[in-house]
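What follows is a short report on a single structure.
The values are calculated or read from the model by the stated rules, or taken from the named source; none is laboratory data. None of the values given here were measured: they were computed from a predicted structure. Here Cβ is always computed from backbone atoms with ideal geometry, including for glycine, and neighbour counts include all displayed protein chains.
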Amino acid sequence: MEREAGGANEERREATNGGPVEQTGVRRLDDGLWMLDLGFQGRSGVVAAYLLAGGDREELALIEVGPASTLPALLAGVRAAGFAPEQLTALLVTHIHLDHAGAVGSLLRLAPAATVRVHPVGVPHLVDPSKLLASATRLYGDRMDELWGEVLPVPADRVAPLADGESIAVAGRVLTAVFTPGHASHHVAYWDGVAGGLFTGDVGGVRMAGTDYVCPPTPPPDLDLAAWAESVARMRALGARRLCLTHGGPFADVEAHLDQLLPNLEAFRALAADALRDGADQTDLARLLHDRMAAELGDPDPETLAALEFATPSAIAAPGLIRYLVKRGEATAPR
Ligand SMILES: [Zn+2]
C-alpha cells in the first residue's frame, strides 16, 4: 500500500506524544486511515473509532464504533473524512463493552450493506443485549442513558463471528483478527501487517495523548491477568510500528508502551490485594486507584486526569479487581 511522504513526520510526532486531536474530531493518520474522536461526555481523547477506506469500490470500514450516545459524532466524523455512513461495509469491534460496540445496532440501520464482526462469545450479546445491559446497569445505575444512549439489538443475520487468526479483507487491506483475552475473555485486536498498525482495543491499555502512563482498564466480570500477559506477548511478537488505542489514540513508541502494561497491571493487583487485606471496601479501593492514576500521570492538568477517569473509571476498575481476587481466593469480599 502506498504511503504518503507526510507519514514519517506523523510517526515522529507520535513518538513523543499522542499528537493533537484536531478541532473537528477527525485526524488523518495515514493513507485511507482516520481516527475519529467521539467527544465522549464532551471530552476529546476519551473514546475513538478508526475509519478505513480503500479498495476498488471505495469500501469503508470502522474499527470500533463507540457507544450509542456518541453516534452523532461518529457519523459527523465519517462525513468530515469525506464519506457517507451508507458506504460502510464492515464494523469490526474489539469487544462488546458499551464504550466500544454500543452503537452497532443503531449504525446498522443507517448502513444497509454493513456487517458486524466480533468474537464468537460476543455474538449472542449483540443480538440480544439484555444481559449485557443488566450487568452494565449494576455498575452504572441511573447514569446508563447519559453514558451509553439507547442500545439497539443487532439482527442475527448481520453479525458474523471471527476466528482467531482470520484474515479479514476490508477497505483495500487485509487485517488479521488476534484473539487477545485478559481485559475481557472475548477481546480481539486487529492487525494490519502491511501498514504495521495494531488496533488494540482495551488489551493495549489506556493512555491519554501527550502522556506516558499506560493504564490497564480492569472492569468486571472476566478480568484475567494471566491471559492478559499472554496477549501482551502475542501483541509484542507482531512487531507493530504503531498502536492504535481506542482510549487515547495512536502511539509509535510500541516497545516502551507495552513494557509498562503488565507492571502497571500487577501494581493495581497488589494495591487491591493489600487494600482488601487492610479492610478497604470498594469505595476505598476506587479512591486508592484514582490516587494511583493521578500519581502515575505525574503532575497532570485536571482535564487529563478527568479524561483518563472517563476512559477507565476507578469506580469500575475497583469491582473488577475485587472480583478477580475473590474468584482466585486471593482476597475475601469486602462487606
Ligand atoms: Zn473500553
What number of residues in region 285-333 are closer than 26 Å to GLU146 by Cβ, among the charged types (D, E, K, R), more than 16 Å from the ligand (Cβ to nearest atom) and modelled with pLDDT of 95 or more? 3
Scanning region 216-235 for residues that are aliphatic (A, V, I, L, M) and either part of a helix (DSSP H, G or I) or closer than 25 Å to PRO302 by Cβ (or both) gives LEU225, ALA226, ALA227, ALA229, VAL232, ALA233, MET235
Of the listed residues (ARG242, ARG277), the one being of a type in the set (Lys, Arg) and crowded, with 19+ Cβ neighbours inside 10 Å is ARG242
Kindly indicate the residue of region 54-66 that is crowded, with 24+ Cβ neighbours inside 10 Å and in a strand (DSSP E or B) and also nearest to the ligand (Cβ to nearest atom) among those meeting that condition. ILE63
Region 89-145: number of residues that are in contact (Cβ under 8 Å) with a residue 60 or more places away in the chain, in a loop (DSSP other than H, G, I, E, B) and more than 16 Å from the ligand (Cβ to nearest atom): 0
Restricting the first residue to region 25-42 and requiring it to be in a loop (DSSP other than H, G, I, E, B), which pairs with a second residue that is at pLDDT below 95 and of a type in the set (S, T, N, Q) meet a Cβ separation below 6 Å and a spacing of at least six or different chains? none
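Against the condition surrounded by fewer than 23 Cβ atoms within 10 Å (Cβ to Cβ) and out of contact with any helix residue (DSSP H, G or I) (no Cβ under 7 Å at 6 or more places or on another chain), how does GLY82 come out, does it pass? Full working, then the answer.
Working: surrounded by fewer than 23 Cβ atoms within 10 Å (Cβ to Cβ): yes; out of contact with any helix residue (DSSP H, G or I) (no Cβ under 7 Å at 6 or more places or on another chain): yes.
When the stated conditions are applied, GLY82 passes them.
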Taking LEU71 and the conditions (1) within 14 Å of the chain's Cα centre (by Cα); (2) touching a residue at least 60 places away in the same chain (Cβ under 8 Å), which numbered condition does it fall short on, given that it satisfies the others? (1)
When (1) within 16 Å of the ligand (Cβ to nearest atom); (2) more than 25 Å from HIS183 (Cβ to Cβ); (3) not basic (Lys, Arg) are applied to SER69, the one that fails is (2)
Looking only at region 198-220, filter to residues that are within 11 Å of the ligand (Cβ to nearest atom) and of a type in the set (Gly, Ala, Ser); which one of those is surrounded by the most Cβ atoms within 10 Å (Cβ to Cβ)? GLY204
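Across region 236-263, what is the number of residues that are assigned to a helix (DSSP H, G or I), away from the ligand (no atom under 16 Å from the Cβ) and of a type outside the set (Lys, Arg)?
Just the residues of region 236-263 that are assigned to a helix (DSSP H, G or I), to begin with: 236-237, 254-263.
Restricting the remaining residues to those that are away from the ligand (no atom under 16 Å from the Cβ) gives 236-237, 254-260, 262-263.
Next, only the ones that are of a type outside the set (Lys, Arg) stay: 237, 254-260, 262-263.
Looking only at that region, the number is 10.
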Restrict the check to region 173-181 and report whether at least one residue is more than 21 Å from GLY66 (Cβ to Cβ), within 16 Å of the ligand (Cβ to nearest atom) and surrounded by fewer than 23 Cβ atoms within 10 Å (Cβ to Cβ). yes
Return the pairs, sorted by first residue and then second, in which the second residue is at pLDDT below 95 and more than 16 Å from the ligand (Cβ to nearest atom), the first residue lies in region 312-329 and is in a helix (DSSP H, G or I), the beta carbons are less than 8 Å apart, and the residues are 6+ apart or on different chains. ILE322/ALA331; ILE322/ALA333; ILE322/PRO334; LEU325/ALA331; VAL326/THR332; VAL326/ALA333
I'm checking my understanding of the structure. Among residues of region 186-197 that are within 16 Å of the ligand (Cβ to nearest atom) and not hydrophobic (A, V, I, L, M, F, W, C), which one is nearest to the chain's Cα centre (by Cα)? HIS187
